[in-house]
1. Could you look through segment 299-342, keep only residues that are loosely packed, with under 11 Cβ neighbours inside 10 Å and either of a type in the set (D, E, K, R) or in contact with a Pro (Cβ under 6 Å, 6 or more places away or on another chain) (or both), and pick out the one that is farthest from I259 (Cα to Cα)?
2. Is at least one residue of segment 167-189 at pLDDT below 95, out of contact with any strand residue (DSSP E or B) (no Cβ under 8 Å at 6 or more places or on another chain) and under 30 Å from I71 (Cβ atoms)?
3. Within segment 34-67, track down each residue that is in contact (Cβ under 8 Å) with a residue 40 or more places away in the chain, more than 18 Å from P21 (Cα to Cα) and open to solvent by 30 Å² or more (accessible area, probe 1.4 Å).
4. Consider R214 carefully, then state whether it is farther than 23 Å from E226 by Cβ, among the basic types (K, R), modelled with pLDDT under 95 and open to solvent by 40 Å² or more (accessible area, probe 1.4 Å).
5. Pick from A300, A311: which is under 18 Å from the mean Cα position of the chain (by Cα), on the phi < 0 side of the Ramachandran plot and not β-branched (V, I, T)?
6. Hey, can you tell me all the residues within segment 258-279 that are at pLDDT below 95, open to solvent by 70 Å² or more (accessible area, probe 1.4 Å) and in contact with a strand residue (DSSP E or B) (Cβ under 7 Å, 6 or more places away or on another chain)?
7. Of all residues in segment 218-240, which are open to solvent by 40 Å² or more (accessible area, probe 1.4 Å) and either among the hydrophobic types (A, V, I, L, M, F, W, C) or part of a helix (DSSP H, G or I) (or both)?
Amino acid sequence: MMAGSDSGIPAVAGGLARHVPVLVHRVVEFLRLRDGGVYVDATFGAGGYTQAILAAANAGVVAIDRDASAIARGAGLAQQARGRLTLVQDRFSNLDRVVRERGDALVDGVVCDLGVSSMQLDEAERGFSFRHDGPLDMRMGNAGPTAADLIAAASERDLAFIIKSLGEERHARAVARAIVAARAQAPIRTTLELVAVIERVVRPRPGTIHPATRTFQALRIFLNEELDELAAALAAAEAVLKPGGRLVVVSFHSLEDRIVKTFLVERGRRSGGSRHVPEVARPAPTFRLLTGRPLTPDDAETAANPRARSAKLRAAERTLAAPAQAGIAHLLPRLPSLDDVLRGRA
């Protein structure tokens, strides 16, 4: 998620990126940058975090994004960085493989900025925004089914479950019912066509979010398998961070933040017991928490960029312990697979 305000951080040869990420100063602070270090910007976006890292230290950055247009836009920054920036089009869940293929055994820091960027929201043709008319796409990458495909194929039950689970929309059943009724009359192909369907059952009220916010969010998260990607990326970061390396995650959704919190708490937990309860044997902690509570933007940042209001930053430092063998599936809500929903098997 990108902010639009100037960060005040000096640029790498060509001016700041058009958008600056939320909490950029705190991200740089928690990464504890050092000259000669290697850092992974796992969600490159408009390049704001990457540019801040390059400006703050004589360090290298491996920047990853599944969006080909984001990687293309970063070409100029890579040229200005004079060999300190490597751009890779890939999913951030694969960051451990990306790091290995680049030739780095371990890295000094990983930063993840979750959700959809302001640039993607502002591009009507991407279909992320309910405020601009465009094709109902919502894909972070360039391949696979679109949101239009999803709402055309999913059953009413699956739509309701997805919208309720990932959008926390209390009118999920009514929204799903309205979508199924509308698509029986004509395909729903554009963002504003879907907005019109949602507004029939979720009435706008002064002082509240747009009626389509939660449904669009749920469809986007499900379509792009964002929570699965996040859980895998956290485990990948654990595998590639050197002892003392820092992991910083900025999330914008309660489900994302819950996954990050649970992962870091579990990975940071030591064996313990009491005189009443025997000590429980656990693997050595792989992280030391740096943030007891998540950090949030101050009033000035939120006023300058309303999209920042839900941001939460969590950070942790890698310990000497070997990567944990524990799985990550338990971090995720129980949802049907995208393939099953599209094929009507869920």
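1. D299
2. For segment 167-189, residues at pLDDT below 95, out of contact with any strand residue (DSSP E or B) (no Cβ under 8 Å at 6 or more places or on another chain) and under 30 Å from I71 (Cβ atoms): present.
3. The answer is R34, and nothing else.
4. It is false that R214 is farther than 23 Å from E226 by Cβ, among the basic types (K, R), modelled with pLDDT under 95 and open to solvent by 40 Å² or more (accessible area, probe 1.4 Å).
5. A311
6. Scanning segment 258-279 gives a single hit, E279.
7. Applying the first criterion (open to solvent by 40 Å² or more (accessible area, probe 1.4 Å)) to segment 218-240 yields 225, 228, 239.
Correct list: D228, A239.
This table checks each residue for (1) of a type in the set (V, I, T); (2) open to solvent by less than 10 Å² (accessible area, probe 1.4 Å); (3) modelled with pLDDT of 95 or more; (4) in a helix (DSSP H, G or I).
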site	(1), (2), (3), (4)
A105	no, no, no, no
V116	yes, yes, no, no
L121	no, no, no, yes
R131	no, no, no, no
N142	no, no, no, no
R157	no, no, yes, yes
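The values are calculated or read from the model by the stated rules, or taken from the named source; none is laboratory data. Everything numeric here is computed off the predicted structure, so don't read it as measured data. Every residue, glycine among them, receives a Cβ derived from its backbone with ideal geometry; neighbour counts consider all protein chains shown. When the accessible area is computed, the model is the full protein with side chains, heavy atoms only, and any ligands, DNA or RNA have been set aside. Shrake-Rupley method; radii C 1.70, N 1.55, O 1.52, S 1.80 Å.
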